[in-house]
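Novice: Pasting a structure below so you can have a look.
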């Protein structure tokens, strides 16, 4: 690869991403112990653990790429929160991380069905989520005379080939049944441990003349960061932990007396059994 052999590092934005993810995970782990019945906290905690798994997979990829985490793009009526944008010499991947347990089946219609603890239900397609990220990006390009991300002469067909939506499953225990899924869907669903080899294969199949230099990748990363709207989450506000509302059903919390003293209970009891220590 000549020129590209000189740049093999993984450049993360933010640079201290490992620390950022670790701090958020620690904060949610603490809240999860304080509020063990809050499923929203558990869901976000699992999600962050999955994103950390992807970080470790990409850290020593030895490819030469820029990796952006938690990018929020807005354009008119479209909004995209992208877990990872991975900019390589060959392609740019818009990654949706999923850290789900159980068995995931993708049928011939592209529908995702999750079987967990004996319960089976359809879930929103994570691939459709990733595809919406690409739609937001394309709308940004079409709406701006001076394109901040990519050459305006880039055709939509080339755009769709270069910007690849991916779903990365991060839980090693997850069973994925995708034999019946359409090929275009099956090829966009991978496990975290397959991510680096997936990227390397795309690079190997790309004409070296058309590959981006480190400078071009860096400029694109800067353009994404310029469009990004950082979103600092206050978890206590997000989960209604400091107000008088039940974080499970939004019912009013009332003071009660129990076997071990006073506590707050949900006014929707017995339908909702949420309690909080005083």
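All of the numbers you see were taken from the coordinates with simple rules; none came from a lab. Note that the structure is predicted; figures quoted are calculated from it, not measured. Positions of Cβ are backbone-derived with ideal geometry, glycine not excepted, and every protein chain shown enters the neighbour counts.
Novice: Got a sec? How would 271, 222 order by Cβ neighbour count within 10 Å, fewest to most? Don't jump to the answer; show the numbers that get you there.
Specialist: Details: 271 9, 222 14.
Least to most surrounded, the residues fall as 271, 222.
Novice: Listing 239, 84, 269 from the residue with the fewest other Cβ atoms within 10 Å to the one with the most, what is the order? Walk me through the numbers before you get to the answer.
Specialist: On the way: 239 20, 84 23, 269 14.
Ranked by crowding around the Cβ, least crowded first: 269, 239, 84.
Novice: Can you report the principal axis dimensions of the stretch 193-248 using only the alpha carbons, biggest first, rounded to whole angstrom?
Specialist: Taking the Cα atoms of the stretch 193-248, the three principal extents are 61, 29, 10 Å.
Novice: Could I ask something else about it? When the Cα centres of the stretch 23-52 and the stretch 222-278 are compared, how far apart do they sit, in Å?
Specialist: The two parts, judged by their Cα centres, are 13 Å apart.
Novice: Another one. Which of (i) 79, 45, 39; (ii) 98, 53, 36; (iii) 74, 40, 36 is the computed Cα extents along the principal axes in Å for the structure on display?
Specialist: Given (i) 79, 45, 39; (ii) 98, 53, 36; (iii) 74, 40, 36, the calculated one carries the label (iii).
Novice: Moving on. Taking the chain as the reference, fit the longest principal axis to its C-alpha atoms, fit the long axis of helix 195-204 to the helix C-alpha atoms, and give the angle between the two in degrees, 0 to 90, nearest 10.
Specialist: 10
Novice: Right, next: Using Cβ counts within 10 Å as a stand-in for footprinting exposure, how do 133, 240 rank, fewest first? Please report the intermediate quantities before stating the final value.
Specialist: Details: 133 23, 240 16.
Least crowded to most crowded, the residues run 240, 133.
Novice: Please work out the Cα convex hull volume for the stretch 77-202 and give it in Å³ per residue.
Specialist: Convex hull volume per residue, Cα atoms: 119 Å³.
Novice: Still on this structure, I have one more. Hey, what angle do you get for helix 39-59 against the long axis of the chain, alpha-carbon based, 0 to 90 degrees rounded to 10?
Specialist: 30
Novice: Also, quick follow-up: Rounded to the nearest 500, what is the 222 nm mean residue ellipticity of the chain from helices alone, with -39500 (n - 2.57) per DSSP H run of 4+ residues and division by all residues? Don't jump to the answer; show the numbers that get you there.
Specialist: On the way: 8 runs with 96 residues, N = 278.
The helix-only estimate for the chain comes to -10500 deg cm²/dmol at 222 nm.
Novice: What shape does the stretch 11-94 take by its C-alpha gyration tensor, where a ≥ b ≥ c are the square roots of the eigenvalues and a/c under 1.5 counts as rounded, a/b above b/c as prolate, and the rest as oblate? It would help to have the intermediate numbers written out before the result.
Specialist: Working: a/c = 2.76, a/b = 1.49, b/c = 1.85.
Judged from the Cα gyration tensor, the stretch 11-94 comes out oblate (a/c at least 1.5, b/c at or above a/b).
Novice: Helix 126-143 versus the longest principal axis of the chain: what is the Cα-based angle in degrees, 0 to 90, to the nearest 10?
Specialist: 60
Novice: Who wins for biggest fluctuation among 29, 218, 262 in a Gaussian network model of the chain, springs between alpha carbons below 10 Å?
Specialist: Most flexible of the set in this elastic network: 262.
Novice: Under a no-solvent Debye model with one identical scatterer per Cα of the stretch 130-266, what's log10 I(q)/I(0) at q = 0.18, 0.22 Å⁻¹?
Specialist: -1.18, -1.39
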